[in-house]
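See structure below.
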Amino acid sequence: MRKENNLQIKWGDIVPFLSLTIFKEVDKIKSNDLFGWIKSNIEKILFSKPISSAEKDIKIYNFLDKTELEENLKEDILGIIFQVSNYPSWLKIIKGESRFDEFVEYKHHLLLLIKKGSYISFSSTYQSTTNNLMQIFEFGQFDTLIFPFQFKKVKEKLYEDAFITDEVFNLWLNGLHRSVKLKPDKKNITGPDLRMAIDPFADQSYNYGAFISKLTINNENKINFLSEEEKKTLRIGYSKNRNMLWMSRTKGIIQYASIFDYLTTEIERKTKTPLTKQKEAEHMLGLINLSKPTNSDEIKNAKDPFEIKLNIEIEKLDEDLNDKELTEKEWLNYGKLEIDKNVALKFEDNTLSFGVNVFYITKIVQTFVLEIQSFDDKEINISVGDIRSIAKEDEVFENVLNYIGWNNAFQVLFESGHVLTGNRLYYQSYGDIFYKDIKFKDFNGFDVSKEKPDGWDKNSKPKIQLIKNVNDDSLFSFVAKNINDLFDSKNEEWYLLCHDQANEIADFLYIEPGNRKVILVHVKAADSNNSNRNIAIDPFQVVCSQAVKNLRHVNADELLERFKNSEKRCGTFAINSDDPSNIILDTSKFHNALEVIKNKGQVVNKKVIIVQPHIQSTKWKKSENDFYNSTNHQNSTTLRRALMLSTILLETEMACRKQGVEFEVWGEAV
């Protein structure tokens, strides 16, 4: 290894890609002491685990520190520039033959360390260096190095509280279930707010590996050289396994430091004001239902490992991953890990260990013993022992591990239901979910136990006369006489159709042609108008089933086909926005509005609403409070009913979401 300190690179020449692995000091540490230790041990930090067996040469160039900055900087910063020369990944190397030296490729790398207050972050364009520093800062040692300082990793909950917003654009989900044909092992999903895209039941067997979210910068927080327009488009990513935040390339080291300052300020703010369980559920929405780590000391109960694989992340976090991608693809195509049944499973000294065989194509190329140790409340320390190289093809495996890092490398499934992924332990079980999205309406003046006007089904009077009766207090009248308020129609052109009949689509259909909106409204009376009625399940079973089976009709084409040749009488009555008080038999305007939607294209705003005022706000909110503040959900009959009803409503909502349809339930506000 050679040091050459004459490379004339200055801070002003550097425009770093922003990726931050953040730690917080346990005791007060001076930056000079920390950076001095890093510089004096840099050779071991950088190169104790070479990234490639084809590595030709290594040079360390110069160190950049804060004194070389022209601008005043609140943060302390250290930069290290170094070069790695490798043979091309496509070249088969025969060691000792000089003819290959002409093909050496050179790549320069940057390591940055930045500290302000109690927070420090490091990042390197050379992935194995970041992995080595992770080991040093988290566990206090690496190879023969003993770290004289104590830091603690920023917990994932703080990243979630600070940086998950109402616009989560990308989400990488890792399956913790057995590999089966009916369910993906991994999912990479994109959308405007993926908190709403999680299936609260089916996705409980996944955890997230990473997310990208909108980063909201308010006017009180300033980031250097960032315009107001740029603030609106900022995104931030977080990788759980790598414990890393990342963004795009910065405009220079001053902006890099400014963003570090902002992000650590947000983390510290969330440290001081953590979210309660209930607030966390409102913040995370569907993400709260993904699998969460169990206590690391549960490793003692993990029995019979039956599947092991490399935890290769599918998100692209670095700017240049060509070598990494090639190596990982080679492993995915030809490599495989298997539990070695000839090595006994052991648990001693708080460490679980078992044997692993490494296959390349069809032959064993390496064996080792995987050691899993409880380290912190939720953290696991991974190490390996008794490594035996059997064939040279194990280089592919070694190279992949150097990219991933040993401590994040493996996913292990146990017959006991435990799953190790990265450095966290999970236990597979399905939890209760409380349905939070009921909208409570004021039914004052209406009888919540009366679905339709008196005499509606007896045909003693025309139905339109019954609904026009100003004294009618049925739920049908509640909908027909409060359209602007209930549907938030404002100044929009709208049309309402009552379709109450045999084989009905819904009790009401509400459309806005200008917004290409179609809403199906299913009305069901409460079992009782007793103000002390309890939560019940039966009032929802039929109406939820009806809502699901008619989802196909939330489309203009299907509706027009259904109403073919009955334009003027396609329902019981209609109401239009040009005169909301006029209830009419002629439904032709509703039909014409459907034609307008069809001519514009597809319906883009779809919704299903269930009106069922049997649920009262006071009892539902009390059950919700009990859910978040009790450990035993079986003690309360009311809470058990609420959870069973939550299951029905969630299943109905997920059926709607799969069709791209929003779902609402209206209960009674009391």
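The values are calculated or read from the model by the stated rules, or taken from the named source; none is laboratory data. Just so it is clear, the structure is predicted and the values come from calculations on it, not from any experiment. Please note: Cβ atoms are built from the backbone with ideal geometry, for glycine as well, and neighbour counts cover all protein chains shown. Surface accessibility is based on the protein's heavy atoms, side chains included, excluding ligands, DNA and RNA. Shrake-Rupley method; radii C 1.70, N 1.55, O 1.52, S 1.80 Å.
The mean sequence distance of close C-alpha pairs (under 8 Å, at least 6 residues apart), as a share of the length of the chain, puts its relative contact order at 10 percent. Counting only the Cα atoms, region 443-541 fills a convex hull of 135 Å³ per residue. What do you get for Rg/Rh of region 198-301 when both radii come from the Cα atoms and Rh is the Kirkwood radius? Expressed as Rg/Rh, it is 1.03.
As an equivalent ellipsoid, the chain spans semi-axes of 59, 28, 25 angstrom, where each value is the square root of five times an eigenvalue of the C-alpha gyration tensor, largest first.
Taking every protein chain into account, the accessible area of the chain amounts to 46 square angstrom per residue (probe 1.4 Å). Toward the positive end of the charge dipole of the chain, with +1 on the Cβ of Lys and Arg and -1 on the Cβ of Asp and Glu, the farthest Cα among ALA391, ALA344, HIS108 is that of ALA344.
Helical runs (DSSP H, four residues minimum) scored at -39500 (n - 2.57) apiece and divided by the length of the chain put the mean residue ellipticity at 222 nm at -8000 deg cm²/dmol. Exceeding 19 Å between C-alpha atoms, which entries from my cross-link table qualify? They are LYS214/LYS240; LYS441/LYS619; LYS24/LYS115; LYS152/LYS240; LYS436/LYS549. Among LYS214/LYS240; LYS441/LYS619; LYS24/LYS115; LYS152/LYS240; LYS436/LYS549, the Cα-Cα distance tops 19 Å for LYS436/LYS549.
Note on region 497-574: semi-axes of the ellipsoid equivalent to its C-alpha gyration tensor, largest first and rounded to whole Å, are 28, 13, 12. Approximating the spin labels as points 7 Å out from Cα along Cα→Cβ, the MET196-to-GLU664 distance works out to 1.2 nm. Residues in region 383-390 carry Karplus couplings, in order, of 9, 10, x, 6, 6, 10, 7, 10 Hz; the curve used is 6.51 cos²θ - 1.76 cosθ + 1.60 with θ = phi - 60°, and Gly or Pro positions show x.
Shown for region 131-245: the carbon plus sulfur share of the solvent-accessible area, taken with all protein chains present and a 1.4 angstrom probe, equals 53%.
Give me the net charge of LYS436's neighbourhood, meaning all other residues with Cβ under 9 Å from the Cβ of LYS436; Lys, Arg count +1, Asp, Glu -1. Before the final figure, lay out the partial values.
On the way: positive: none; negative: GLU282, ASP437, GLU624.
Value of the local net charge: -3.
Projecting label points 7 angstrom from Cα along Cα→Cβ for ARG640 and ASN491 puts them 5.5 nm apart.
Stretching the chain fully between ILE364 and GLU71 yields a gain of 99.8 nm (0.36 nm per residue, less the alpha carbon separation).
Atom-type composition of the exposed protein surface of region 492-640 places 41 percent of the accessible area on carbon and sulfur (1.4 angstrom probe).
Using bins of 5 Å that start at zero, the share of Cα-Cα pairs per bin across region 166-242 amounts to 3, 14, 21, 19, 14, 11, 7, 5, 4, 2, 0, in whole %. Beta bridges per DSSP, both residues in the chain: antiparallel share near 85 percent. The residues ASP261, ASP297, ASP538, sorted by heavy-atom accessible surface at 1.4 Å with ligands and nucleic acids left out, run ASP538, ASP297, ASP261 from largest to smallest.
Each other residue within a Cβ distance under 13 Å of LEU413 adds +1 if Lys or Arg and -1 if Asp or Glu, for a net charge of -2. Less than 5 angstrom separates the built amide H of VAL611 from those of HIS522, VAL523, LYS524, TRP666, all sequence-distant by 5 or more or on a different chain.
When all protein chains stay in place and ligands, DNA and RNA are ignored, the 1.4 Å accessible-area order of ARG657, ARG235, ARG99, largest first, is ARG99, ARG235, ARG657. Across the protein chains, with a 1.4 Å probe defining accessible surface, the residues ASP203, ASP13, ASP437 rank ASP13, ASP437, ASP203 from largest area downward. The solvent-accessible area of MET196, taken with every protein chain present and a 1.4 Å probe, is close to 80 Å². The Rg/Rh ratio for region 523-638 is 1.12, where Rg is the radius of gyration of the alpha carbons and Rh is the Kirkwood radius. Across q = 0.20 Å⁻¹, region 436-497 modelled as identical point scatterers on its alpha-carbon atoms has Debye log10 I(q)/I(0) values of -0.86, in the order of the q list.
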